[in-house]
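To keep things clear, I will list the structure first and then write my remarks on it.
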Amino acid sequence: MIRTSFVALAFVLAPLGTLSAQQAMPSAVRPTAVPRFSADACDSSYRRGEIVAQSSHSTGGWRAGGFASGVAFSFLGVAGATVLAGTSGAAPDSVPAQEVSSCYRDGYSTRARARNRSSALKSAPIGAIVLPAAYIIRLSTR
């Protein structure tokens with residue numbers, strides 16, 4: 001009996017809780033409109049972000065980390081380093097004032113992650129070959 005009453009009460013009160021978040025917010029707290037930029041401005045900022053990342057983003061750490069993970073974990077390390085490098089959070093130090101900030105950051109981030117992934121993928125297999133090669137060389141010199 002109590003359970004049936006509870007279920008019935010829930011069905012009666014459920015429509016009252018469907019007020020939208022903006023209706024419940026005071027007008028001073030409502031989010032403001034997001035500024036719109038032209039597609040051309042966003043595309044050119046995105047491209048400039050990619051260019052800056054291509055020319056100035058450092059990937060030496062990912063190269064060393066890929067090599068080390070290859071040595072430590074063999075071919076599992078190759079996959080792990082590549083996945084980690086591809087999901088890294090690379091962001092520019094600063095955004096030029098004339099650029100659309102979000103588009104520039106997206107372009108920079110996309111290119112920087114691609115460079116990180118490439119560096120890790122190039123060095124990790126070399127690291128994965130080091131220990132087996134050293135073992136084979138040691139066996140052949142006995």
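The values are calculated or read from the model by the stated rules, or taken from the named source; none is laboratory data. A quick note: this is a predicted structure, and the numbers were derived from the prediction, not measured. For neighbour counting, all protein chains shown are included, and Cβ atoms are generated from backbone atoms with ideal geometry for every residue, glycine included.
Tallying residues that are farther than 24 Å from A134 by Cβ and surrounded by fewer than 21 Cβ atoms within 10 Å (Cβ to Cβ) within segment 61-85 yields 3. Scanning segment 96-133 for residues that are aliphatic (A, V, I, L, M) and either in a helix (DSSP H, G or I) or within 16 Å of D43 (Cβ to Cβ) (or both) turns up V100, A112, A114, A120, L121, A124, I126, A128, I129, V130, L131, A133. For segment 51-71, residues that are touching a residue at least 40 places away in the same chain (Cβ under 8 Å) and among the hydroxyl-bearing types (S, T, Y) total 2. Sort out which residues of segment 57-66 are among the small types (G, A, S) and touching a helix residue (DSSP H, G or I) at 6+ places or on another chain (Cβ under 7 Å), and write them in order of number. Across segment 57-66, the qualifying residues are G65, G66. Each residue in segment 65-99 was checked for being more than 20 Å from the chain's Cα centre (by Cα) and aliphatic (A, V, I, L, M), and 5 pass.
All of S109, S74, S69 fail the test of being among the hydroxyl-bearing types (S, T, Y), on the phi > 0 side of the Ramachandran plot and touching a helix residue (DSSP H, G or I) at 6+ places or on another chain (Cβ under 8 Å), apart from S74. Filtered by the rule that a residue be in a loop (DSSP other than H, G, I, E, B), within 30 Å of A79 (Cα to Cα) and either among the polar types (S, T, N, Q) or at pLDDT below 60 (or both), segment 23-62 gives S58, T59.
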